[in-house]
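Only one structure is covered here, and it is reproduced in the block below.
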Amino acid sequence: MQEADHRSIGTGRQFLTATGLAYAGPPAAYLLALSAFLKTNQVIATSGEFSVTSSLLAWAPDAAFALFFLAIFTLATSLARSWGRLAVVATMLLTALYVASLNVASWGYFVSTGANLSWSSIEYWLVNFEEASGVIASEGSGGKFVLVASQVVGALLFAILAALPIVRRRLKAARPFGKKTVVGFYAMVSLVATIFAVLPAADGPAASLCQNVPMNILSDLIEDEILPTERVTIRADEKLDSSLDLEIPEGQPRYNVVLIMFESLRWKSSDVYVPDLETTPFLADLAKDSVVVEDEYTVVPHTTKAVTAINCGIYPYLDTEPKEASPGILPRRCLAHILKSQGYETAFFQPAGNFEKRDRLVSNLGYDTYRGLNDMPQEGFENTNYFGKEEKMMLGPSMDWVDSVKGRPFLLTYMTLCTHHNYVTPQSFARRDFGVDDEDLNNYLNAVRYTDQFISEVFDEFEKRGLMDNTIFIIVGDHGEAFGEHGRRQHDLVPWEEGLHSFSMLHAPWLLSPGTIEGTRSHLDIVPTVVDLLGFKVKKGDFLGTSLLKPVEPDRKLHMSCWFKRRCLALREGNLKTIYHFEQMPMEVYDNALDPYDEHNLAYTGKYDQKFLDDRKEEMLRWTKVVNQQYDDWKDQLLSDAVTESQPRLGKELHATWGDNVELL
């Protein structure tokens, strides 16, 4: 009878044992301590100072997980016997390793970008490891890798602790816990865990830290790879591949077009928009005889996606996969396709390597000539960042190409590089101190000045060849760049003005009167603008964008997305911008006419109530489904077209064998 009094609740089984606590307690304590340290470190990095409240709220989801981890694995280990206990302990240690490793990896990612790790980013690195390794190496990630790897050692220590002979002897000698102790233990742990789980998010930038990253990654993995994708009905005006029928009036001059996509150039880092910065002296002088677009926005702040929107006037695929580079996937309505149909020569130059299958993308865009890092002489040109070399390596080869097509109209496109993270300028370039505390920002501003100098040399070469009076120049930033304005850095996960609002200018003083273009404008507008400038007539079909030469509605809508899936979306309605963070942060609303830097969040106030936010959220989510469904369907069609049930007719037969096992037909 006395023995039964000491048993736990149940029929002969102990729901709480010293052995169970010995196995589950150390890893749970480690997860609690590790997450507390990492989240406090992130809060300090985000706000610039230590805050007990923000640190506690940021740590709360991780603390709740660690406490539930303690309760569940203590119970499972206490109940299990023999091989069953071994399986439970192995599962527990793998779970602890998974959580600890991802927390440390996410911290390292946060140090570089100001954002948490996600399944989308992990999947991208796994699929593109060789390409992404240069990016990772640029961050000096050796120490961070060691920290992640050290979690394996920690997990082994957890396993060894409870298995040590001295510990095992003490565990066997331990008296069973009474009913009150068992109930009290699980009730207290569950209650504290629940309290932590329901605590609200912190205010300000620290709000993005109030989440359990490993569980978010697991949830995204399940949604991406296991759950079925909901299909939507696509309206005619939403179709990205609707056909276009264009014609050029007889006798219309065929002007040359030079498109310069300025890597990561945000509007507020150029003298064209903010006088006396001394970052773009050439462009500032050029602007006096140019047309400046006041408010131009990228669709996705990532180069591959922006290049697609700029060159084709359609939305890119809204995920990290460069699906736009799948051979033949893009509809033949891009700028190069249109101009080639009218007898234009086309070429695309960049000093970067073949990151994200750039050669295939350029081919899909319709260009006949592509010159990347390995297609041009490299001797005498310095490396800039992990993607390639300095812009000036393009100057000679591109001018040789211009000379080779003399007498024929052409489209020449440059994609610059130096201003991409990690903002390295050639040693031969005279750097200056721009008086900013952020070293990355100072490097970036120097890189902007270097690229400005390169553009001036391009113009000099066109002047020498007498091509200025029949060439239209379009200079546009592919996206912006962030330096901690909203707690994030670089561009892929930046849905605020510093990431979305780009530089944009047209130069053709013999054709356009200098001035400014007002209204909310998009990269989708570049193709219809060129068509308009060249005098082409649209006989059938329409563009998603609107020519910059035409007015737009004051409340024009523009959809935008971050690069990583399910991280952030933005909707512009005239001057009003709404941002949705997929429940990882509260929604945001900014009036950019009054608040050009997104500093005063209007969400949940006045007319921007919950219904207003829910309506925008639903509209933004539908947009992502409409766009991605079309790309998925295009790719499925390409694959189905490549498969045939019958053997195709052979034009010529060729037989070859390798030994007895392989035969080529």
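Selection of the stretch 50-64 for residues being in a helix (DSSP H, G or I) and open to solvent by less than 40 Å² (accessible area, probe 1.4 Å) yields Ser54, Ser55, Leu57, Ala58, Ala60, Pro61, Asp62, Ala63, Ala64.
When the stretch 458-490 is filtered for residues that are free of Cβ contacts under 8 Å to residues at least 12 places away in the same chain and farther than 17 Å from Ser290 by Cβ, the ones remaining, listed by number, are Lys464, Gly466. The residues on offer are Glu356, Glu321, and the sole one that is open to solvent by 10 Å² or more (accessible area, probe 1.4 Å), among the charged types (D, E, K, R) and either farther than 17 Å from Phe410 by Cβ or in a loop (DSSP other than H, G, I, E, B) (or both) is Glu321.
Residues being within 24 Å of Phe582 (Cα to Cα) and surrounded by 13 or more Cβ atoms within 10 Å (Cβ to Cβ) are represented in the stretch 170-193 by at least one member.
Please find, within the stretch 448-494, the residue that is surrounded by the fewest Cβ atoms within 10 Å (Cβ to Cβ) out of those that are part of a helix (DSSP H, G or I) and in contact with a strand residue (DSSP E or B) (Cβ under 7 Å, 6 or more places away or on another chain).
Within the stretch 448-494, the first condition is being part of a helix (DSSP H, G or I), and the residues that meet it are 448-464, 468-470.
Subset that is in contact with a strand residue (DSSP E or B) (Cβ under 7 Å, 6 or more places away or on another chain): 451, 455, 462, 470.
Numbers: Thr451: 29, Ile455: 20, Phe462: 19, Asn470: 14.
Checked the stretch 448-494; the qualifying residue surrounded by the fewest Cβ atoms within 10 Å (Cβ to Cβ) is Asn470.
Can you pull out every residue in the stretch 495-513 that is among the hydrophobic types (A, V, I, L, M, F, W, C), in a strand (DSSP E or B) and either open to solvent by 10 Å² or more (accessible area, probe 1.4 Å) or out of contact with any helix residue (DSSP H, G or I) (no Cβ under 7 Å at 6 or more places or on another chain) (or both)? If the condition is that a residue be among the hydrophobic types (A, V, I, L, M, F, W, C), in a strand (DSSP E or B) and either open to solvent by 10 Å² or more (accessible area, probe 1.4 Å) or out of contact with any helix residue (DSSP H, G or I) (no Cβ under 7 Å at 6 or more places or on another chain) (or both), then Leu506 is the only one that fits. Scanning the stretch 211-241 for residues that are under 21 Å from Ala64 (Cβ atoms) and touching a Pro at 6+ places or on another chain (Cβ under 6 Å) returns Gln211, Asn212. Considering only the stretch 194-203, state which residues are surrounded by fewer than 15 Cβ atoms within 10 Å (Cβ to Cβ) and assigned to a helix (DSSP H, G or I). Of everything in the stretch 194-203, those that are surrounded by fewer than 15 Cβ atoms within 10 Å (Cβ to Cβ) and assigned to a helix (DSSP H, G or I) turn out to be Thr194, Ile195, Val198.
Conditions (1) at pLDDT below 95; (2) closer than 16 Å to Tyr423 by Cβ; (3) over 16 Å from the mean Cα position of the chain (by Cα), marked per residue:
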residue	(1), (2), (3)
Leu441	no, yes, yes
Ala447	no, yes, yes
Glu457	no, no, yes
Phe462	no, no, yes
Asp469	yes, no, yes
Phe473	no, no, yes
Gln490	yes, yes, no
Trp496	no, no, no
His501	no, no, no
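Open to solvent by less than 30 Å² (accessible area, probe 1.4 Å) and part of a strand (DSSP E or B): does that describe Thr529? Against the criterion (open to solvent by less than 30 Å² (accessible area, probe 1.4 Å) and part of a strand (DSSP E or B)), Thr529 does not qualify. Of all residues in the stretch 388-407, one or more are of a type outside the set (Phe, Trp, Tyr), under 30 Å from Lys565 (Cβ atoms) and in contact (Cβ under 8 Å) with a residue 24 or more places away in the chain.
On the basis of being hydroxyl-bearing (Ser, Thr, Tyr) and surrounded by fewer than 18 Cβ atoms within 10 Å (Cβ to Cβ), does Ser363 make the cut?
Values: hydroxyl-bearing (Ser, Thr, Tyr): yes; surrounded by fewer than 18 Cβ atoms within 10 Å (Cβ to Cβ): no.
No, not satisfied.
Output the residue which, of all residues in the stretch 286-315 that are touching an Asp or Glu at 6+ places or on another chain (Cβ under 6 Å) and outside any helix (DSSP H, G or I), is surrounded by the fewest Cβ atoms within 10 Å (Cβ to Cβ). Out of the qualifying residues, it is Glu294. Out of all the residues in the stretch 66-85, is one or more farther than 22 Å from Pro165 by Cα, of a type in the set (Lys, Arg), in a loop (DSSP other than H, G, I, E, B) and open to solvent by 30 Å² or more (accessible area, probe 1.4 Å)? Looking through the stretch 66-85, none of the residues is farther than 22 Å from Pro165 by Cα, of a type in the set (Lys, Arg), in a loop (DSSP other than H, G, I, E, B) and open to solvent by 30 Å² or more (accessible area, probe 1.4 Å).
The listed residues are Leu227, Leu218, Leu240, and the only one of them that is under 19 Å from Asp633 (Cα atoms), out of contact with any Ser or Thr (no Cβ under 8 Å at 6 or more places or on another chain), among the hydrophobic types (A, V, I, L, M, F, W, C) and open to solvent by 50 Å² or more (accessible area, probe 1.4 Å) turns out to be Leu227.
Quick check, is Thr516 touching an Asp or Glu at 6+ places or on another chain (Cβ under 6 Å), part of a loop (DSSP other than H, G, I, E, B) and polar (S, T, N, Q)? Lay out the reasoning, then the answer.
On the way: touching an Asp or Glu at 6+ places or on another chain (Cβ under 6 Å): yes; part of a loop (DSSP other than H, G, I, E, B): no; polar (S, T, N, Q): yes.
No, not satisfied.
Residue pairs whose Cβ atoms lie under 8 Å apart, separated by 6 or more positions or on different chains, with the first residue in the stretch 254-265 and on the phi > 0 side of the Ramachandran plot and the second among the charged types (D, E, K, R), are Ser264/Asp478; Ser264/Glu481. Looking across the stretch 622-665 at every residue that is in a strand (DSSP E or B) and of a type outside the set (A, V, I, L, M, F, W, C), the one that is most open to solvent (accessible area, probe 1.4 Å) is identified as Glu663.
Go through the residues of the stretch 279-286 one by one and say whether even a single one is touching a residue at least 24 places away in the same chain (Cβ under 8 Å) and either among the charged types (D, E, K, R) or closer than 30 Å to Ser101 by Cα (or both).
Residues of the stretch 279-286 that are touching a residue at least 24 places away in the same chain (Cβ under 8 Å), as a first pass: 279-283, 286.
Remaining after also requiring either among the charged types (D, E, K, R) or closer than 30 Å to Ser101 by Cα (or both): none.
Scanning the stretch 279-286 turns up no residue that is touching a residue at least 24 places away in the same chain (Cβ under 8 Å) and either among the charged types (D, E, K, R) or closer than 30 Å to Ser101 by Cα (or both).
Of Leu156, Leu94, all but one fail to be at pLDDT 85 or above and over 30 Å from Pro322 (Cα atoms); the exception is Leu94. Of the residues Leu445, Leu441, the single one that is surrounded by 15 or more Cβ atoms within 10 Å (Cβ to Cβ), assigned to a helix (DSSP H, G or I), touching a residue at least 12 places away in the same chain (Cβ under 8 Å) and in contact with a Gly (Cβ under 9 Å, 6 or more places away or on another chain) is Leu441. From the residues in the stretch 565-579 that are of a type outside the set (Lys, Arg) and open to solvent by 10 Å² or more (accessible area, probe 1.4 Å), which one is nearest to Gln211 (Cα to Cα)? Ranking the qualifying residues of the stretch 565-579, first place goes to Leu576.
In this structure, is Tyr423 hydroxyl-bearing (Ser, Thr, Tyr), in a helix (DSSP H, G or I) and within 29 Å of Thr113 (Cα to Cα)? Give the derivation first.
On the way: hydroxyl-bearing (Ser, Thr, Tyr): yes; in a helix (DSSP H, G or I): no; within 29 Å of Thr113 (Cα to Cα): yes.
No; evaluated as a whole, the condition is false for this residue.
Does Leu117 meet the test of being of a type in the set (A, V, I, L, M), at pLDDT below 65 and crowded, with 16+ Cβ neighbours inside 10 Å?
Working: of a type in the set (A, V, I, L, M): yes; at pLDDT below 65: no; crowded, with 16+ Cβ neighbours inside 10 Å: yes.
No: the conditions fail for Leu117.
Taken over the stretch 330-349, the criterion of being closer than 12 Å to Val362 by Cα and part of a loop (DSSP other than H, G, I, E, B) is satisfied by Leu330, Cys334.
The values are calculated or read from the model by the stated rules, or taken from the named source; none is laboratory data. Computed from a predicted model, the values in this text were never measured in an experiment. Note that we place each Cβ from the backbone using ideal geometry, even for glycine, and neighbour counts take in every protein chain shown. Side chains included, ligands, DNA and RNA excluded: accessible areas come from the protein's heavy atoms. Shrake-Rupley method; radii C 1.70, N 1.55, O 1.52, S 1.80 Å.
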